[in-house]
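Read the structure below first, then the notes.
The values are calculated or read from the model by the stated rules, or taken from the named source; none is laboratory data. Since we're looking at a predicted model, the values are computed, not measured. Because the Cβ atoms are built from the backbone with ideal geometry, glycine has one as well, and the counts that use them run over all protein chains shown.
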Amino acid sequence: MYVYSSTALEDSAVTGARTITEVVCTNTSASVIYLQLFDSATLPANATAPLVCIAVPAGTTVSYDPSRNLQFAEGCVAAGSTTAATLTVSIANEQLFYVR
């Protein structure tokens with residue numbers, strides 16, 4: 001089973017995983033961020049719509065367990081965004097990601 005785990009605070013994680021069973025995001029910032037998942041081999045450009053978007057309130061950890069495994073053709077990219085509808089990369093390095 002593939003596992004990606006942040007070793008330091010970061011804005012996004014290009015995990016390379018093709019099948020996802022769980023994603024955990026810790027937000028250390030003072031405001032909400034949006035955990036967004038993309039099917040891509042690299043971080044998408046700002047304004048790209050995510051496949052999945054989950055609000056992560058300030059100072060909390062949120063776990064996302066899809067009802068079925070999520071499949072990614074290119075690989076899973078997890079990113080912290082300051083907006084929900086499309087990607088606006090949070091550039092403050094305030095998230096930790098765990099993907100399996």
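Starting from residues that are among the hydroxyl-bearing types (S, T, Y) and either more than 17 Å from Y2 (Cα to Cα) or in contact with a Leu (Cβ under 9 Å, 6 or more places away or on another chain) (or both), keep the ones in segment 33-46 and report whichever is surrounded by the most Cβ atoms within 10 Å (Cβ to Cβ). Across segment 33-46, the extreme among qualifying residues is Y34.
Kindly check whether there is at least one residue in segment 14-30 that is assigned to a strand (DSSP E or B), surrounded by fewer than 14 Cβ atoms within 10 Å (Cβ to Cβ), among the aliphatic types (A, V, I, L, M) and over 10 Å from the mean Cα position of the chain (by Cα). Lay out the reasoning, then the answer.
From segment 14-30, those assigned to a strand (DSSP E or B) are 14, 19-20, 23-27; that's our starting set.
Then keep just the ones that are surrounded by fewer than 14 Cβ atoms within 10 Å (Cβ to Cβ); that gives 19.
Now drop any that are not among the aliphatic types (A, V, I, L, M), which leaves none.
No, that holds for no residue.
Specify which of the listed residues (A49, A73, A85) is outside any strand (DSSP E or B), of a type outside the set (D, E) and under 19 Å from Y2 (Cα atoms).
Of the residues listed, the single one that is outside any strand (DSSP E or B), of a type outside the set (D, E) and under 19 Å from Y2 (Cα atoms) is A73.
The set of residues in segment 49-74 being over 11 Å from the mean Cα position of the chain (by Cα) and crowded, with 16+ Cβ neighbours inside 10 Å consists of L70, F72. Residues that are in a loop (DSSP other than H, G, I, E, B) and aromatic (F, W, Y): does segment 1-9 have at least one? Yes, there is a match, as at least one residue in segment 1-9 is in a loop (DSSP other than H, G, I, E, B) and aromatic (F, W, Y).
To keep it simple, each residue is scored yes or no on (1) farther than 18 Å from R100 by Cβ; (2) at pLDDT 95 or above; (3) small (G, A, S).
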position	(1), (2), (3)
E10	no, no, no
E22	no, no, no
C25	no, yes, no
A45	yes, yes, yes
P50	yes, yes, no
A55	yes, yes, yes
L70	no, no, no
A73	yes, no, yes
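Cβ-Cβ contacts under 6 Å between residues 6 or more apart (or on different chains), taken from a first residue in segment 22-36 that is among the small types (G, A, S) to a second residue that is surrounded by 15 or more Cβ atoms within 10 Å (Cβ to Cβ) and modelled with pLDDT under 95, are listed as S29/E94. Just one of (1) outside any strand (DSSP E or B); (2) within 16 Å of A8 (Cα to Cα) fails for L96. It is (1).
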